[in-house]
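Shown next, in structure tokens, is the structure this report addresses.
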Amino acid sequence: MRRLFLAIFVVSVVAVLTSCGAPSAGSERASVGEETTAREATSQEQSQSGEETTVAETSATTAGATLAEIGPEPRSSTAASPAVGGAGMVSSANPYATRAGLQILDNGGNAFDAAVAVAAALNVAEPMMSGIGGYGAIVVYDAESGETRFLDTGSRVPENLDPSVFREPTPNYIDNRCGAMAVATPGNLNAWEALSNDYGELEWGRLFDPAIELADEGIILGDITAGWIDAAWPAFPENARSFYGNNGIPLRAGETLVQEDLGDSFRLIAGEGASAMYEGELGQAIDATMRESGGFLTLEDLGDNRARWRETISLDYQGYEIVTASPPSTSWGALVRLGVMEQFGLQPSDHNTTSYLHTFAEVSKQTGRATREYAADPEIAKTPLDLLFSQEFLAAQAAAVNPSQASPNVPFAQFGQPTRCIPQSYTTYGPPSPDAENVQNAQQGDSQQGHTTHFVVADEEGNVVSATQTLGNIFGSKVMPEGTGIWLNDALSWSRFDPPGNVFDVYPGRQSLYALCPTIVISDGRPYIAIGTPGGRTIQQTTPQMLTNVIGFGMDVQQAVSAPRVSTTFPDALVVEAGIPVSVRNELSALGHNVLVDERGLGNAHALTIEYDSQGNPSTFTGGADPRGEGVAAGT
């Protein structure tokens with residue numbers, strides 16, 4: 001019976017994608033909700049008839065099943081309600097990737113195994129956001145040791161890079177910041193192998209079975225992925241156009257993207273390990289392409305890459321330990337925001353009031369200034385976290401907030417303007433108008449959702465993975481080595497090139513600082529929340545808002561992820577989502593904020609929570625997926 005309803009789920013998703021032409025995140029999530037209702041009805045029928053399915057029996061029915069047969073189970077998230085599970089949870093930015101993680105969990109893998117499978121599947125199903133050509137930050141909780149750790153992917157600036165190519169008077173110096181010259185060492189694959197070697201239970205090669213299947217058989221494109229393909233199409237190399245389009249036209253939502261080269265790359269990786277990328281055939285292809293396209297990355301740079309386990313950093317917030325990545329991540333900025341906001345004694349009734357949003361915006365500006373003042377490359381200097389997390393510093397920051405007037409955000413100028421690599425927005429195409437066969441319903445606008453992905457995984461033992469991974473910008477550098485299907489990052493585009501020598505500049509052979517903020521919240525010594533989001537420079541503002549929604553405002557994890565949010569942005573604007581009431585927007589404007597409305601939304605967050613029984617064992621998992629994207633949370 002369960003297998004029947006899993007099949008129904010897959011059919012329903014395909015029907016929605018193909019019949020609508022351009023599926024919205026809401027429509028895909030609605031099909032998940034319908035499947036949930038069907039399962040609940042089935043459970044009631046079994047209960048009434050005396051039949052009962054145990055967790056062990058449920059897992060046994062999926063052993064050996066293909067990815068196409070695995071649907072989110074037993075409860076999947078909707079925009080309004082969280083997913084629920086009794087033995088684990090996966091939440092990611094794409095349903096295919098979520099199902100890949102569930103398949104690994106159902107076949108005996110743990111959270112670390114499932115995290116590798118999810119990351120690889122996202123490379124296939126959300127190729128513009130992350131992959132083996134990218135980098136990231138991963139925070140884990142190991143249930144056996146009771147410790148949190150930060151896995152830094154170790155992406156570095158190529159040793160032979162000439163920083164002058166990104167500055168005047170070099171011709172086309174702005175263009176150089178976005179293409180082949182901006183490629184840093186990809187580190188994700190080494191990090192995945194470290195996860196598997198140090199904590200995994202399944203054989204390495206099995207972790208790539210779902211991604212290989214998806215690459216070979218194809219994925220049905222949703223609105224967002226199809227929109228980004230269309231927007232980036234002019235910059236695609238010919239080898240990518242050959243399968244991202246049909247007859248010279250980019251694939252649309254509802255069409256199938258098959259990535260045979262990427263499937264072959266994953267086969268090499270499954271058989272040879274990460275060395276296929278850093279020493280072998282894939283690395284040689286990358287090296288050759290870099291030489292042809294004028295990039296600086298070499299096979300020697302690839303061979304020198306090392307993923308590195310680092311200590312996490314944490315801050316006590318309302319009795320919870322908020323744990324995140326240490327430098328070279330600047331995610332300490334999210335903790336500082338939380339610590340300052342705690343000084344104001346927030347109540348649930350404060351959520352998204354004018355006073356709350358004004359205060360948060362002012363705190364964010366102050367923390368941004370602190371980031372520019374105190375951020376440091378950990379190989380050169382230490383960030384003074386003891387100072388930044390001290391009650392004296394947090395209280396002083398709070399006292400500096402003017403409750404009746406917005407402050408300017410001009411200090412950004414000291415590091416020059418951020419690079420805006422194309423595309424920054426996309427157009428989505430809805431179903432044809434009933435009155436005009438050839439009319440397409442288009443929506444367009446700048447996206448603050450971010451050019452990155454985040455996912456979370458937890459298993460029945462209480463192991464947790466919170467991972468943020470990226471290519472830098474959409475489809476990274478738009479460089480794809482022939483025959484690999486791998487998009488290479490443009491990590492260096494996120495540097496600040498002026499004035500030369502600032503902490504966010506590029507330095508050959510060194511790591512660049514980044515703002516990725518994967519987070520785990522510890523309560524009574526055990527993981528309670530795992531959460532994170534893409535969003536570039538908005539990440540460290542979105543994350544504390546969501547955490548406050550759960551811890552301070554009493555929301556469930558789906559409500560916390562779905563709730564409208566705000567972000568201060570360059571050069572001096574307060575971006576608010578459309579869900580913020582007009583009256584509140586007007587009042588914020590009256591306080592001096594330059595209010596801009598983002599119709600698409602800020603970030604694309606994913607999160608989970610864990611509850612425990614009287615013996616301290618995980619008993620209930622809930623998961624939230626951002627309705628701003630196409631993803632889903634699902635439990636097992």
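The values are calculated or read from the model by the stated rules, or taken from the named source; none is laboratory data. As the structure is a computational prediction, the values presented were derived from the model and not from experiment. Glycine also receives a Cβ, built like all others from the backbone with ideal geometry; neighbour counts cover every protein chain displayed. Accessible surface areas use protein heavy atoms only, side chains included; no ligands, DNA or RNA. Shrake-Rupley method; radii C 1.70, N 1.55, O 1.52, S 1.80 Å.
Structure values in brief
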quantity: Largest to smallest accessible area among Cys178, Cys517 [probe 1.4 Å]; calculated: Cys178, Cys517
quantity: Exposure ranking of Asp142, Asp162 by accessible area [1.4 Å probe, largest first]; calculated: Asp162, Asp142
quantity: Heavy atoms of Glu311 accessible to a 1.4 Å probe, total area in Å² rounded to 10; calculated: 150
quantity: Arg337 accessible area, assembled protein chains, probe 1.4 Å, Å²; calculated: 20
quantity: Accessible-area order (highest first, 1.4 angstrom probe) of the listed residues Arg241, Arg308; calculated: Arg308, Arg241
quantity: Cα centroid separation, segment 520-555 to segment 280-346 (Å); calculated: 17
quantity: For a label point 7 Å along the Cα-to-beta-carbon line of Asn617, residues of segment 88-132 with backbone N under 16 Å; calculated: 88
quantity: Net charge of neighbours whose Cβ lies under 13 Å from the Cβ of Ile313, counting Lys and Arg as +1 and Asp and Glu as -1; calculated: -2
quantity: Assigned charges on the beta-carbon of Lys, Arg, Asp, Glu; segment 437-589 dipole about Cα centre (debye); calculated: 320
quantity: Solvent-accessible heavy-atom area per residue, rounded to whole Å², over segment 585-636 at 1.4 Å; calculated: 35
quantity: Local electrostatic count at Phe475 - Lys and Arg +1, Asp and Glu -1, tallied over other residues with Cβ under 13 Å; calculated: -1
quantity: Arg510 accessible area, 1.4 Å probe, all protein chains in place, Å² to nearest 10; calculated: 70
quantity: Three-way shape label, segment 69-175, alpha-carbon gyration tensor, a/c 1.5; calculated: prolate
quantity: Accessible carbon and sulfur surface of segment 206-304 relative to its total accessible area, %, 1.4 Å; calculated: 43
quantity: Accessible area expressed per residue, segment 121-254, with surrounding protein chains retained (probe 1.4 Å, Å²); calculated: 34
quantity: Heavy-atom accessible surface of segment 508-552: percent carbon and sulfur, 1.4 Å; calculated: 44
quantity: Cβ-Cβ FRET estimate between Gln347 and Trp309, R0 fixed at 35 Å, reported to 0.05; calculated: 0.30
